[in-house]
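The values are calculated or read from the model by the stated rules, or taken from the named source; none is laboratory data. Predicted model, so just to flag it, every value in this text is computed and none were measured. Positions of Cβ are generated from backbone atoms using ideal geometry, with glycine treated the same way; all protein chains shown enter the neighbour counts. Quick note on the areas: whole protein, heavy atoms, side chains included, nothing else; ligands and nucleic acids left out. Shrake-Rupley method; radii C 1.70, N 1.55, O 1.52, S 1.80 Å.
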Amino acid sequence: MQRGSFSGRIGFIAAAAGSAVGLGNIWGFPYKVSNGGGAIFVLVYLIICFAFCLPVMLAEIAIGRASGSNSVGAFAKLGFRKWRGIGMLGIIAGLLIFSFYNVIAGWAFGYTLEMANGNFGIADSFGAFTSNVVKIGIYGAVFMLITALIVTQGVSGGIEKASKLLMPALLVMIVALAIYALTLPHAMEGIRFYLLPDFSKLNGKVIMGAMGQAFFSLSLGMGALITFGSYVGKQENIVSSAVIITLADITIAILAGFMIFPLLGFITNGTMNDIPQGPELVFVTLPHVFASMGEPYGTIFGTCFFLLLCFAALTSTVSLLEVPVSYLVDDWKLKRRSATWLVAAVIFVMGIPSLLSAGYSANLTNFIRYPNHEKHTDFLSFVANVANDSMLPLCGSLIVIFASHIWRMKNMDAELALGNPTYQGSLLQRYMRIALPYIIPFILLFVFFTTVYKTFF
Ligand code: PHE
């Protein structure tokens, strides 16, 4: 059976950047910056993206392209069947992530419609909005349907095409929104908080937070880039592509900050006191900001903002769906269409408890109380804690250990040098030779153990 492939370099970059750019950039990044003390978090984040995440990305893409196989089969194709468990672990993490990610994407979709109707009051009834499970369920189902329709169209005809359309649209929207936000009163106080680091705020929590955020935002540790890498031609330069994908992801996150921090400066009259530090930033605070812009600016800005969020989420859900689909198509010989609808249905059902955990079901909303935590954690956040914060670093470290110690650096170097003759002997290669086998896996394992210990024990 003919496997799909990207039509060229731009297609791969658009799809992989589309996977990376998502809710993590526009919804997650700004509130984590706010939570992590502002600019210092941004600085640490940038260092981590290049020093630790880029090498992991290169390893994933190299494994994918060298094997020409999905994220499970890749390990077997390279001659190490026993290591397929890493791929399976990644698939499970991806399914869990997708199950709650789709719920949040459904909220974004619902908010786009509310904003278009000028209903800013939604901000004060966010709880009521998320408890209206029939409505939100339908929004989520629509989102899943669109994702699945794209994935059934295949790699170049579906995923690549959608990304090539959505990513430039997203860029234009975010730049326009950021420019407008910068013209608001007190925008500069927001920017100061965002860009001038206060080194006294640097601590372990900031570093760990930035690490987790960077890993999730770059879609690492669950085989998305192994899968996408397997659709890349041998003549392509995957090293420069990975640099561009990383830059694109960072740029969109940074631009999201340029859009949101001026808004926070505006709404706090420049004091930046008590700015929201949690997930409510986008769904509760921003609609208030839009309301105070007056008409028609509020409606236009609000609708564009949430549409932007939907576009970003869509290219990510596409990649989350493609990973298991690719596995079922390659290794279980399912037809792409059947595999897609099957996985989409399973994930939608898996997401139902998360859907119910934002107010509708008391048991799921107060799902668990971690030791030493005052408040209960809802089911959706619990799944995120397990999948994003714990499984991704674990799986990421195993992928890196596999690439550098089992498959071996020599083979990975050769793969990275295909389409990039200057790679051998380059500074990056020399850095990779030290960082990949001896530093990065231990950092990731450290992140894994600390997160598990701090969260669950
Ligand atoms: N990177 C995506 C985001 O930032 C989420 C994602 C994680 C997508 C893992 C695919 C795989 O929203």
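Suppose we look only past 44 Å in the calculated P(r) of the chain. What percent of the Cα-Cα pairs does that tail hold?
Details: 8204 of 104196 pairs.
When all Cα pairs of the chain are counted, 8 percent exceed 44 Å.
Could you work out the relative contact order of region 323-451? I mean the mean sequence separation of Cα pairs under 8 Å and 6+ apart, divided by the number of residues, in percent.
17 percent.
Ratio to report: Rg/Rh of region 251-306, with Cα atoms as the point set and Rh obtained by the Kirkwood method; give two decimals. With Rh from the inverse mean 1/r over Cα pairs, Rg/Rh is 0.95.
For a straight C-alpha distance cut-off of 18 angstrom, the lysines reachable from Lys201 (same-chain residues fewer than eight places away being disregarded) are Lys32.
Carbon and sulfur: what percent of the chain's accessible surface (1.4 Å probe)?
Details: 11740 of 17520 Å².
Roughly 67 percent, rounded to a whole number.
Applying a length cut-off of 30 Å (Cα extent along the axis) and a mean Kyte-Doolittle floor of 0.0 to the DSSP H helices of the chain leaves 84-116, 161-182, 238-267, 297-331. The alpha-carbon atoms of region 214-259 define a convex hull whose volume equals 75 cubic angstrom per residue.
Packing here is the average count of other Cβ atoms within 10 Å per residue, and on that basis the peptides 291-297, 39-45, highest first, run 39-45, 291-297. Taking H as built 1.01 Å from N, whose amide H comes closer than 5 Å to the amide H of Thr377, not counting residues under 5 places away? Amide H neighbours of Thr377: Phe367, Ile368, Arg369, Tyr370. The mean sequence separation of alpha-carbon pairs under 8 Å and at least six residues apart, normalised by the residue count of the chain, gives a relative contact order of 32 percent.
As a rough guide to protection, the peptides 103-116, 316-329 ranked by mean Cβ packing within 10 Å, highest first, stand as 316-329, 103-116.
Could you compute the net charge surrounding Ser326? Neighbours are other residues with a C-beta less than 15 Å from the C-beta of Ser326; K and R count +1, D and E count -1. Local charge sum for Ser326: +3. Summing +1 for each Lys or Arg and -1 for each Asp or Glu among the other residues whose beta-carbon sits under 14 angstrom from that of Tyr453 gives +1. A straight line joining the Cα centroids of region 254-320 and region 405-457 runs 36 Å. Based on DSSP H segments of at least four residues, each scored -39500 (n - 2.57), the chain has a per-residue ellipticity at 222 nm of -21500 deg cm²/dmol.
Peptide packing: for 275-288, 171-184, the average count of neighbouring Cβ atoms within 10 Å per residue gives the ranking 275-288, 171-184, highest mean first.
When the pairs Lys234/Lys410; Lys77/Lys333; Lys82/Lys234; Lys77/Lys234; Lys205/Lys454 are compared against a 20 Å limit on Cα-Cα distance, Lys82/Lys234 fall above it.
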